[in-house]
1. Identify unpaired cysteines across the chain, taking unpaired to mean no other cysteine Cβ lies under 4.7 Å from the residue's Cβ.
2. Per residue, how much accessible area does the stretch 12-105 have with a 1.4 Å probe, in Å²?
3. How far apart, in nanometres, would the label points at E62 and S47 be if each is projected 7 angstrom from Cα along the Cα-to-Cβ direction?
4. For the stretch 51-106, what mean projected area does the convex hull of the alpha carbons give, in nm²?
5. Sort D98, D91 by heavy-atom solvent-accessible area, probe 1.4 angstrom, most to least.
6. Can you pull the percent of Cα pairs in the stretch 1-62 with separation above 17 Å?
7. Would you mind working out the magnitude of the charge dipole of the stretch 12-105 relative to its Cα centre, with +1 at each Lys and Arg C-beta and -1 at each Asp and Glu C-beta, to the nearest 20 Debye?
8. Sort 65-72, 24-31, 54-61 for me by packing, meaning the mean count of neighbouring Cβ atoms within 10 Å per residue, highest on top.
Amino acid sequence: PVFAGMNGSAIENFSCVIYNIFLMNCTWQAGRDAPADTQYFLYWRKSRDEEEVECELYIKDENCRNMGCMFQNVSIGIEKAYFLVNGSSKDSLIQFYDEYLDLYKI
């Protein structure tokens, strides 16, 4: 099912900021009802023609949970970029979060 997972376990407040033209930071907060051991993983695709890739440099919180990603050498196209954040926990299934963003508008 599309929305499989525990309600309230998907990330919240996802946002991305581009600076110095080629650098991008995306951040989020853990779902309010996510189990304490939930770990999140960010995947993105710059355009429909490109492969989806996982974040290479995660930003971690004090509990070593992935709470953001730093991207280098970002190229901004005119297509919307696709972002997907999924999670895993030994206690329950975690809902995913996805969004299309216009990088040239950020």
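The values are calculated or read from the model by the stated rules, or taken from the named source; none is laboratory data. Bear in mind the structure is a predicted one, so any value in this text is a computation, not a measurement. Because the Cβ atoms are built from the backbone with ideal geometry, glycine has one as well, and the counts that use them run over all protein chains shown. Only protein heavy atoms, including side chains, enter the accessible area calculation; ligands, DNA and RNA are left aside. Shrake-Rupley method; radii C 1.70, N 1.55, O 1.52, S 1.80 Å.
1. Unpaired cysteines in the chain: C64.
2. 62
3. The modelled label-to-label distance comes out at 4.4 nm.
4. 5.1
5. Correct descending sequence by accessible area is D91, D98.
6. 53
7. For the stretch 12-105, the charge dipole is close to 180 debye.
8. Highest mean packing first, the order is 24-31, 65-72, 54-61.
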